[in-house]
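Everything below concerns the one structure shown next.
The values are calculated or read from the model by the stated rules, or taken from the named source; none is laboratory data. All figures in this text were calculated on a predicted structure; none of them were measured in a lab. Please note: Cβ atoms are built from the backbone with ideal geometry, for glycine as well, and neighbour counts cover all protein chains shown. Only protein heavy atoms, including side chains, enter the accessible area calculation; ligands, DNA and RNA are left aside. Shrake-Rupley method; radii C 1.70, N 1.55, O 1.52, S 1.80 Å.
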Amino acid sequence: MITKLDELRIGIDEVDQQIIALLAERFRLTEEVGLYKASNQLVAQDPNREKQQFQKIVQLSEKNGINPEYTTEIYRCLIDLVISRHEVLLAINS
Ligand SMILES: C=C(O[C@@H]1C=C(C(=O)O)C=C[C@H]1O)C(=O)O
């Protein structure tokens, strides 16, 4: 017998599949940005771009009913991983 808890967890598993697929696509794009930066000797971090991102993230979070503190924390981790990867690509290229 499927309980309410099982049903909710099936929903969570489906959402996780979508999140992972979207994260994979995001990392594919940021990898290309990292390769572009490395071949043009551009710094890994872009604080102006991040400022715009975080403004957008707060707006989108409010629109979708999610606590902006959660999304801001998640995106800080995500962007920091990207920056670390870009630093590796820069080091390889220099
Ligand atoms: C992807 C970039 O590199 C870094 C990572 C970002 C991101 O993951 O969204 C944003 C800005 C940069 O600090 C970029 O410059 O666009």
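For this structure, a couple of remarks:
- Overall form of segment 4-93 per C-alpha gyration tensor (a/c, 1.5; a/b vs b/c): oblate
- The chain - percent of accessible surface contributed by carbon and sulfur, probe 1.4 Å: 59
- Comparing mean-square fluctuations of GLU31, GLU14, GLU62 from a GNM of the chain with C-alpha springs under 10 Å, the top value falls on GLU14.
- Accessible surface computed residue by residue for the chain, with neighbouring protein chains in place and a 1.4 Å probe, gives 80 Å² per residue.
- A Förster radius of 22 Å, combined with the Cβ-Cβ distance separating LEU42 from ASN64, puts the computed FRET efficiency at roughly 0.10.
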